[in-house]
Structure formats: C-alpha cells, structure tokens
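This report concerns only the one structure given below.
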Amino acid sequence: MPWYLCLPLASALLYALASILIKRALKEGATADQAFHISNLLMAITFLPLCLLETREVQWQLWWRPVVTAAFFFVGNLTTILAIHRSDVSLVTPLMGTKVVFVALAVVYLFGQQVSSGLWIAAGLTAIGIFLMGYSDFRKNARGAIGSICTVLCSAVFFAIHDVLVAYWAVSFGPMMFLSIEMQLLLLLSTLWWVIQGRPRLRMPQLSARFGWWGCSLIGIQALLLAFALSFFDDATGINVVFSSRGLWAIALVALLGTRLGNDERQTAGDRFAWRVIGSLLVTIAVVLAVFSRAS
C-alpha cells in the first residue's frame, strides 16, 4: 500500500467524527449557516501558514486557478452542511462516497487520463453501495430522500471537480501557496455570502458551541490532510476511493459512540441502518480493491 494513502484514510476518520459533532451542534440549536461559516473560517486559519512553507517559484500568472477551485470548494462545503442538517450522518457521509465516481469521470473527460480497470470496478462497487443505502430511505420517505440525496450528489460533484483540479493545478502553481490562497479565497467568498444573507448571527448557543467548534476544527484538519495528498500525488481517483471509507467510519462511530455523542440514529433509523451498513461494506471492499490496484 502506498504510504500516501494513509493521508486520505486519516482524513476519512476525522471527517466522520466531525460530521457527528456538527450534527450534534445542529441538534442543540446551532444553525447550518453558523456551521458553514465557522468551518470556512477555521479552514482558512489552518491553511494560512502554508504560504510560508512554499519552496518553489510561484506562477502568479496562473492566479485564476485557486480562484476557480475555491469557488467549487465553497459550493461543495455549503451543500454538505445543508445535507448534514437535513438528514442522518449515517446516510449523508456514506452517500458522499459517490464523489469517487465523479472523480474517475472527471480525470477522463477533463484531462484525458486513463483510469485502471481496478479503480473503475472500485467506483462501481461504491455506486452500488450508495444505492443500497439510499434505497431504504427512499422507500420510507421518497420526497425527503430525494431532497437529501440530490443535495449530497451536488456536493459530491463539486468536490470531485475541485479535487481533480487541485491534483492537476497545484504543483505547477506552487502547491503550498496554492492551498493557502485557495482557503483564504474560500473565507472571502464565505464573508461575501454572509453579508448577502444579511449578516446572520455567528455565535452558536452555549450548549452547541463545544460540539460545533470541535467539529469545524476537525473539518479543517481533515481538509489539510486531503489537500496534501491531492497536491503532491497524481492519484486523485485512488485517493478519493480511500477517502470514501468515511462512510464506514461514520456508521461505526454512530454504532459505537453514538449514544455518548448524543446521536440516536442507530435507534431511530431501524432497518435502514442495516442497509447503510451493507452499503458501507461494499464501499470498504472498493477501498481495498483501489489500494491493491494502486500497489500493482
């Protein structure tokens, strides 16, 4: 197993935990706007020091590239927070695994790169797993399931395009500077959106603040790990297949620590939770297949 795949694996675990904490914050009275803007702020702070670590000559004539990727990240993060707000973490996080399918398509159609058959099989297994998880919810509440699934798919598409562009653009620009500038632009877009919204209150209620700040902080850390992997290793599809294991981590954390973290999805989801487990196991098989495909 290539060592760099440990980065998206760690990012997947942190993302799953962050999603549960943010869901708890929303349950305790925080708003989706607060979670969105605070997570953007903390990501900008986390990435800011990277500009001091740049050792390559920065290609400033390519300034528009971090602008484009920041815009895709902005929409992706916004739709993710909305999805977590609307539905269960044990559904939303595994469904985000569809991103790997869109990444595989993007590297082919945007840059003409050939993807190995093993990775295509992994992407297909991921899609089947996603279907199983979403189908059980669709049978119970078709309208609500369609809204949640469409929101998650929108997020997956924007994040997929973002990841592929970062993988192809960051090194030629100057990877450390690229990542730092991108997240500062994300904060700028978030600020502009906050003003357009009428400057909603960003201070979370006391009961939800602890969970919200911890969750948003972990979102920043996992984004940094994933960004490193995408920027320095030409393997956007493989990295995202491994990152899709966050669905399994989310279900495992809900099952093992849900009660302690104030998450009762295991009890309220009923049979749907079992289908989510089955779907996540297929995603895990896809991850293993992707790892061996990369190693070979």
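The table for this structure:
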quantity	calculated
Residue match in region 65-76 (condition: among the small types (Gly, Ala, Ser), touching a residue at least 40 places away in the same chain (Cβ under 8 Å) and surrounded by fewer than 19 Cβ atoms within 10 Å (Cβ to Cβ))	yes
Test: residue in region 222-233 that is in contact with a His (Cβ under 7 Å, 6 or more places away or on another chain) and under 23 Å from Gln34 (Cβ atoms)	no
Cβ-Cβ under 8 Å pairs, at least 6 apart or on other chains, region 183-199 side of a type outside the set (Lys, Arg), far side outside any helix (DSSP H, G or I)	Trp194/Pro200; Trp194/Leu202
Region 55-65 - residue that is of a type outside the set (Ser, Thr, Tyr) and more than 25 Å from the chain's Cα centre (by Cα) and, of those, modelled with the lowest pLDDT	Arg56
Output for region 169-217, where each listed residue is under 23 Å from Phe233 (Cβ atoms), under 22 Å from the mean Cα position of the chain (by Cα) and surrounded by 17 or more Cβ atoms within 10 Å (Cβ to Cβ)	Trp169, Ala170, Pro175, Met176, Met177, Phe178, Leu179, Ser180, Ile181, Glu182, Met183, Leu186
Residue identified as surrounded by 19 or more Cβ atoms within 10 Å (Cβ to Cβ) and modelled with pLDDT under 90 among Ala44, Ala16	Ala16
Count - residues of region 219-245 that are part of a loop (DSSP other than H, G, I, E, B) and more than 14 Å from the chain's Cα centre (by Cα)	3
Candidates Ile20, Ile45 - the one that is farther than 22 Å from Ile181 by Cα, part of a helix (DSSP H, G or I), β-branched (Val, Ile, Thr) and out of contact with any Phe, Trp or Tyr (no Cβ under 8 Å at 6 or more places or on another chain)	Ile20
Every residue from region 253-290 that is farther than 30 Å from Ser117 by Cα, modelled with pLDDT under 70 and part of a helix (DSSP H, G or I)	Glu265, Arg266, Gln267, Thr268, Asp271, Arg272
Where a residue in region 146-171 is under 14 Å from Val100 (Cβ atoms) and its partner, wherever it lies, is at pLDDT below 90 and of a type in the set (Lys, Arg), with Cβ under 6 Å and at least six apart	Ala156/Lys99; Phe159/Lys99; Ala160/Lys99
Residue under evaluation Glu54, criteria (1) under 26 Å from Gly97 (Cβ atoms); (2) among the charged types (D, E, K, R); (3) surrounded by fewer than 24 Cβ atoms within 10 Å (Cβ to Cβ), criterion not met	(1)
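The values are calculated or read from the model by the stated rules, or taken from the named source; none is laboratory data. Computed from a predicted model, the values in this text were never measured in an experiment. Here Cβ is always computed from backbone atoms with ideal geometry, including for glycine, and neighbour counts include all displayed protein chains.
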